[in-house]
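Here the structure is laid out as structure tokens; the discussion comes afterwards.
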Amino acid sequence: MALRDNQMERSLDQALYKYLPSAWVDSYCKKERLILTAYVTHWNSVPAQGINQERLLWRIGRLVSVFQKHGHTKGFLFPISAKNYEVLTPRQGRAADIYAEISPLVFFCNTCGRVRVYRNTNSVLYSKRRCGRQGCTGELRQLQMVYHCKCGWAGPVKPIGCKKHGTSRLRYDHYAFICDCSPGRRMEMNTICPSCSAWLSPDNAENPGVHIPSSVCMIDLMNSDIEELLSSDVGGASVVLAYGAGAITADDLSKIIRMSGREIDEEGMESEIARIARDFVEQFGIGEALAYRMAEMAIKNSNSSGALKQAKDFVDTNLYQADWGAREELAIEIAEYDAVIRGDVFTLEDAMTAAQSLGMHSLNAASYPETARRLGFRSVRACEDISIVFSAYGFTRRSYNPSEAVLTAFPSETPGMKNVYVNHLTTEGILFELEKAAVLRWLLANGFVDPRRDNIPDLGDELGLQTWFFNYVRLDAITPFMPVSNELYPITAAVYTLIHSASHALIGQAAQLCRLDKNALSEYIFPNIPAFMIYCQNVQGVNLGALFNLFEVYFHRWLSSTIESIQTCIFDPVCIDEEKACVGCLFLNEISCIHFNHDLNRRFLVGWRDKSSGEQVKGFWEGV
């Protein structure tokens, strides 16, 4: 059955979260105006175009390896690379893109409980679904329940037949089947997992725990010069790390990018010298011989013996993360952040001008920069045309924790190959960069860092501050499916939790002010910058421009109302005293949160004190 013909409209980002193979979903039969549960068998997919598949698969491979380290996986091919994996997206156009079969095929009468089992999807669709029992006028309803196990197996409920009458005289009654011949004997709907022999009870087919997607998103760098540099042979990761820390300038970076891939290519070097010489002749009117010598000197001063050596020396001397995998991941984070801020960006000064042009003094436009500064933000920018790639690479059941579930790969669409699914989105977002010195002062005030042990730099030294965040915030400690270990990585846990909590607080208030569903907003975190971005993950209709309008017109109100909204929670004092965050304050739906609502703490934002013990936490926004 093609879902396109029998369901309500859905966006591609919804498909990547909910309508994935091996999931049970709601399917709307338009002709009968009936919602039935269906099992997604496969997608009608095509290879995704215009994304860096190598980098995507590398990132997925890192995540699967981390999951394996703490738990078990099933169905993956290794290595996770283009050799073994296809990167797919649903086919667009009139053809169906997602295929599903009605499941379970067990129905029961809403009046007398009579059970009927259909053979297949067509037999359900072409049936009138009437009870048929003499004297009963009830309608047949689907028993929308399934079994699912942490090992990855799942299946629809099936009726437990009477030894004498089979299923012909069965009735359904609250999680059990009863045969008319023995009305006092309830046959409970429990079963044994055929894969691992675990004892299973039925569950609602659309319970989120039945199918939990494992996904990753990344900023697309396909048209970025830095992306090419990272793939070059000139030590691109070291260059990007040095640039991100401020050890080399943007001009130095540009020089290295121009030279990357040419330094070992004499023909390419000669071509570059000739190009520069022609420019000198045209600009200064000098002779060709002099222009050529000047071009040679310019190349000599701009090649790897200068800025490139400086970058490599800085990384070798100042960065403690010796693992090159960790360094590459950090370099990619910097490249992604650079890609966002190099695009079409609007500053708070631009927002002030736009708001003041409206002539509404109640907007407090003149206070925008001061409002951001008081909340510890170094800069806040609105960014257009952000290119983001979403990818789903597998799923778990019952739990997303590696110690409690098995990560399972999607069924193959091509023999001998495995597949991941992607959605490529161009959207808008608001980028918040925290003031590094303010974060360090907060860490010191709470005793999360030790001035001597943790090599705290001068708070006025921007290079030293950024280098410290590169060294002490560990990306390899942050995974989507587990909290950051406070025991192993206390600084990373504190910094990440602070950023993540601030992001959720602002998303919750943004959704209200924009009049958008919170599911339409999502987050992207840059832990080492430190920064986060709130963006629209559904760019249809009224969502376009909503965040920009919030940034320009309601910025002061947005931040002020956020502070006010998180001071209390409807579940206090249990929330602030015990849970630290909950559905009443910071939690978001999992489609919006990058980290399954792990590492959230309202205390970190507003502060907290235990009256009995005197224990206290200084809030980053306390007293604002």
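The values are calculated or read from the model by the stated rules, or taken from the named source; none is laboratory data. Keep in mind it's a predicted model, so treat the numbers as computed, not measured. When we count neighbours, we look across all protein chains shown, and the Cβ atoms used for this are built from the backbone with ideal geometry, even at glycine. Ligands, DNA and RNA are stripped out before the accessible areas are found, and what is left, the full protein with its side chains, is counted by its heavy atoms. Shrake-Rupley method; radii C 1.70, N 1.55, O 1.52, S 1.80 Å.
Of all residues in region 572-620, those that are open to solvent by 70 Å² or more (accessible area, probe 1.4 Å) and either part of a loop (DSSP other than H, G, I, E, B) or basic (Lys, Arg) (or both) total 10.
In region 20-37, the residues that are more than 14 Å from ALA154 (Cα to Cα) and assigned to a loop (DSSP other than H, G, I, E, B) form Cβ pairs under 7 Å with partners that are modelled with pLDDT of 90 or more and among the aliphatic types (A, V, I, L, M), at six or more places apart or across chains, as follows: LEU20/VAL40; LEU20/ALA392. Condition check: in contact with a Phe, Trp or Tyr (Cβ under 6 Å, 6 or more places away or on another chain), closer than 27 Å to ARG398 by Cα and outside any loop (DSSP other than H, G, I, E, B). Does PRO213 satisfy that? Judged against the criteria, PRO213 is a match. When region 366-376 is filtered for residues that are of a type in the set (A, V, I, L, M, F, W, C) and open to solvent by 10 Å² or more (accessible area, probe 1.4 Å), only ALA366 remains.
Total residues in region 107-156 satisfying the condition of being over 15 Å from THR37 (Cα atoms), in a strand (DSSP E or B) and of a type in the set (Lys, Arg): the figure is 3.
Could you count how many residues in region 173-195 are in a loop (DSSP other than H, G, I, E, B) and more than 22 Å from TYR39 (Cα to Cα)? Number of matching residues: 9. Residues in region 448-474 that are of a type outside the set (Phe, Trp, Tyr) and open to solvent by less than 30 Å² (accessible area, probe 1.4 Å): VAL449, ASP454, PRO457, GLY464, LEU465, GLN466, THR467, ASN471, VAL473. Exactly one residue among ILE525, ILE534 is in contact with a Phe, Trp or Tyr (Cβ under 9 Å, 6 or more places away or on another chain), open to solvent by 10 Å² or more (accessible area, probe 1.4 Å), at pLDDT 85 or above and not in a helix (DSSP H, G or I), and that residue is ILE525. The condition of being in a loop (DSSP other than H, G, I, E, B) and charged (D, E, K, R) does not hold for GLU384. As a summary of the residue check, GLY325 satisfies the conditions (1) under 19 Å from LEU547 (Cα atoms); (2) open to solvent by less than 50 Å² (accessible area, probe 1.4 Å); (3) at pLDDT below 90 except for the one numbered (1). Take the residues in region 78-133 that are within 30 Å of GLN53 (Cα to Cα), in contact (Cβ under 8 Å) with a residue 40 or more places away in the chain and among the charged types (D, E, K, R), then tell me which one is surrounded by the fewest Cβ atoms within 10 Å (Cβ to Cβ). Ranking the qualifying residues of region 78-133, first place goes to ARG91.
Against the conditions (1) open to solvent by less than 10 Å² (accessible area, probe 1.4 Å); (2) modelled with pLDDT of 95 or more; (3) within 21 Å of ARG373 (Cα to Cα), where does ALA445 fall short? Just the number, please. All conditions pass for ALA445, except number (1). Checking THR408, THR414 one by one, the residue that is crowded, with 17+ Cβ neighbours inside 10 Å, over 23 Å from TRP608 (Cβ atoms) and touching a strand residue (DSSP E or B) at 6+ places or on another chain (Cβ under 9 Å) is THR408 and no other. Based on what the data block shows, is SER214 touching a strand residue (DSSP E or B) at 6+ places or on another chain (Cβ under 6 Å), modelled with pLDDT of 90 or more and either loosely packed, with under 14 Cβ neighbours inside 10 Å or among the polar types (S, T, N, Q) (or both)? Taking the combined requirement at face value, the residue satisfies it.
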